[in-house]
1. Apply the Karplus parameterisation 6.51 cos²θ - 1.76 cosθ + 1.60, with θ equal to phi minus 60°, to every residue of segment 525-532 and state each ³J(HN,Hα) to the nearest whole Hz, in sequence, with x for glycine and proline.
2. Using the Kirkwood radius over Cα pairs, work out the Stokes-Einstein diffusion coefficient for the chain at 4 °C and 1.567 mPa s, in µm²/s as a whole number.
3. Just to verify a number: FRET efficiency for ARG248 and LEU284, C-beta to C-beta distance, R0 = 51 Å, to 0.05?
4. With the Cα gyration tensor of segment 274-615 giving a ≥ b ≥ c as the square roots of its eigenvalues, does the rule (a/c under 1.5 for rounded; else a/b larger than b/c for prolate; else oblate) give rounded, prolate or oblate?
5. Give a residue-ordered list of calculated ³J(HN,Hα) values for segment 295-301 (Karplus: 6.51 cos²θ - 1.76 cosθ + 1.60, θ = phi - 60°; whole Hz; x for Gly, Pro).
6. How would you classify segment 51-258 from its alpha-carbon gyration tensor, with a ≥ b ≥ c the square roots of the eigenvalues: rounded for a/c under 1.5, else prolate if a/b is greater than b/c, otherwise oblate?
7. On alpha-carbon atoms, Rg over Rh for segment 497-594 using Kirkwood Rh?
8. Per-residue counts of other Cβ atoms within 10 Å, averaged by peptide: what ranking do you get for 88-97, 388-397, 690-699, 305-314, highest first?
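Read-outs throughout are calculated quantities, based only on the coordinates presented, and are distinct from any laboratory measurement. Note that the structure is a prediction, hence the values are computed from the model and not measured. All Cβ positions, even for glycine, are placed from backbone atoms using ideal geometry, and neighbour counts span all protein chains on display.
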Amino acid sequence: MRRPETIATASLRQRHWRRVRLASVALGGATVAGLVVAAIWISSLPPLPLDQARRASTVILDRNGKLLRAFAMADGRWRLPVSAASNVDPGYAELLLTYEDRRFRSHLGVDPLALGRAAFQIATRGHIVSGGSTITMQLARLMEPRRERSISAKLRQIVRALQIERQLSKDEILDLYLTLAPFGGNLEGVRAASFAYFGKEPKRLSLAESALLVALPQSPETRRLDRFPDAAHAARDRVLARMVAENRVSRDDADHALLESVPRLRKAMPLLAPHATDQAISKLKDTPVIRLTLDSTIQKNLEALARDRMAGFGGNVSMGILAVDNATGEILAHVGAPDYFDARRAGQVDMTRAVRSPGSTLKPFIYGLAFEDGFVHPESLIGDRAIRYGSYAPENFDMTFQGTVGVRRALQMSLNVPAIALLDRVGSSRLTARIRQAGVNLILPKDEVPGLAMGLGGVGITLNDLVRLYAGLARLGNAMPLRELVKDDAGEPDARRLMDQSAAWQVGNILMGTPPPDNAPHNRIAFKTGTSYGYRDAWSIGFDGRMTIGVWVGRPDGAPVPGLAGRTAAAPILFDAFARTSKLPAALPKPPKGTLISTNAKLPLPLRRFRPAGDFIRTGSEQALRIQFPLNGSRIDSYGPDETSGSALPVKVAGGVLPMTMLVNGVAVGDIDSRRQKLVDPPGRGFVRLTVMDATGAADTVVVRIQ
């Protein structure tokens, strides 16, 4: 039989366990309800706004990935995309993680130890000593900014941090944080802050700079360097002191960093190649990252050159400089004006694309076609004397005449009369057509047709197109479209025929010997100068084996500048531009096979002296020279089924004065026999130019197609 106290004790125990079970059920129900509510709340959260967070300022990069220019976002914020691996100093990244989130690489978005430490410090000291938010939680707050600081807001950050960790890698989280972190005003991200405060990429930061960039996002508006530099200075020093206390930074390094001052003014964002970047953004408005073919080093050097040289010109004189890679046609530097913000010089007008008179800069192409046609050679003699073409009487720049000179010297001295004589023989329309075939349009006055005056600048052309033509000379007669945008799917651009290889080489060889400006090296750059009528435009275009550079100097409004000449104004800038590319001039190509290299005395008789059309005396009933066979434009079946070699091509001539010289594609291949016939071995399939010159200098040319 139980004792009464035992029965009472058992009853108490039963009631106790009943209460425990009821409490457990209530707690479990509350927990389940809480979890259900939490689940409903979490499921009601919208997706992470990753696309919006990844939006950044449009940036334009050079060929090597260096920043040329950035554009502010639509709301005026500067937010440059950042990659910790390629854009950020490793020392800064290490200092940031040590100060803000030392277990960043190991936690799942929330650091319980940091949260517990922060809560304990608040409870024991009554204020915040160190935050408990991880980098991921801070990123969550930046992605969804909220003004209130509450438990629900903190819980939302925790949930978002866990979501971020599931969707992004640690490197992606760090990159996004470094892009969005606030640095005061309209600056977001460490890259924008580094440019604004230090004027450089955050790739190489000092310890003091790194500590300052760690301190600013904690309270960006109260530590703005342009408003509260002293507060920013103190915050930086606290970061350094804490790093010393935790043995992360040596005392000596910290002491040295403490001596550095902090910037008090913002610097301008990078603005290299403003005209090129303006054109790029107008073509690719919605592209976040645009790559150009420009080389930022060359661009920076040539912009500095333009600013330096403009100081020596008075009035409203401006300048354009364009540098192009010969092999690819890629533009390496594009200086549209010395100062983009100089309204007096119309700085925002791109003078590389302005239509101007080219002066004498088209003369090399006249000579090139004359060499191609085979009626003149660089060592031929040519007359420089007063001559009239109807009502047009060309004169030399110095108003004198040289008499009989070599063709080589005539081009190097830029004599006007010989150039017009050659153009009269080549044909103005043919020169225009050949330049158009190379992809360049010459601008003529309304209702005007090409005439002899175009040889001295009586047409319009842009610096961009002129550089394209000269780069074609450097490429031995193949002109290539100029490119400034880098396109991943862009194939090799099509080269267009400007002139024969031998003719282009001969022109380049002559221009290489043009006397350079004072104190400039000889025989290093093939170049030509030009001065337009009335001293409105000064030009100098030159090339070596690697690049072509063009320089234009003048007033944007087209007003004359007394004394402005290509040789004195533009040529020194051209040679300085080549010197500032940081590379020695490269050699020009070797002469193509079949190029006739000879002294005047060893040239075929008709090539020893150029005679204008009709400038020879005929005797008796002599007939004009004419190629009777083959006919111009005909097709000749020369190759048989074996496709090995073509049969000899007969050429028959009528009229003219013996001896006669036969040329194939501008290369002499022997004399016409006494029967005025010759068998010519075809050079291959395709178009072939056959030229015959007689003893008086008369010539006839046909073009046939060998098949």
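1. These are the phi-based 3J(HN,Hα) values: 9, 7, 8, 9, 10, x, 9, 7 Hz.
2. Taking Rh from Cα pairs, D becomes 41 µm²/s.
3. 0.70
4. prolate
5. For segment 295-301, the Karplus-derived couplings read 9, 4, 5, 5, 4, 5, 5 Hz, x marking Gly and Pro.
6. On the way: a/c = 1.57, a/b = 1.16, b/c = 1.35.
Here segment 51-258 falls in the oblate category.
7. 1.02
8. Values: 88-97: 18.8, 388-397: 12.4, 690-699: 22.5, 305-314: 15.3.
Descending mean neighbour count gives 690-699, 88-97, 305-314, 388-397.
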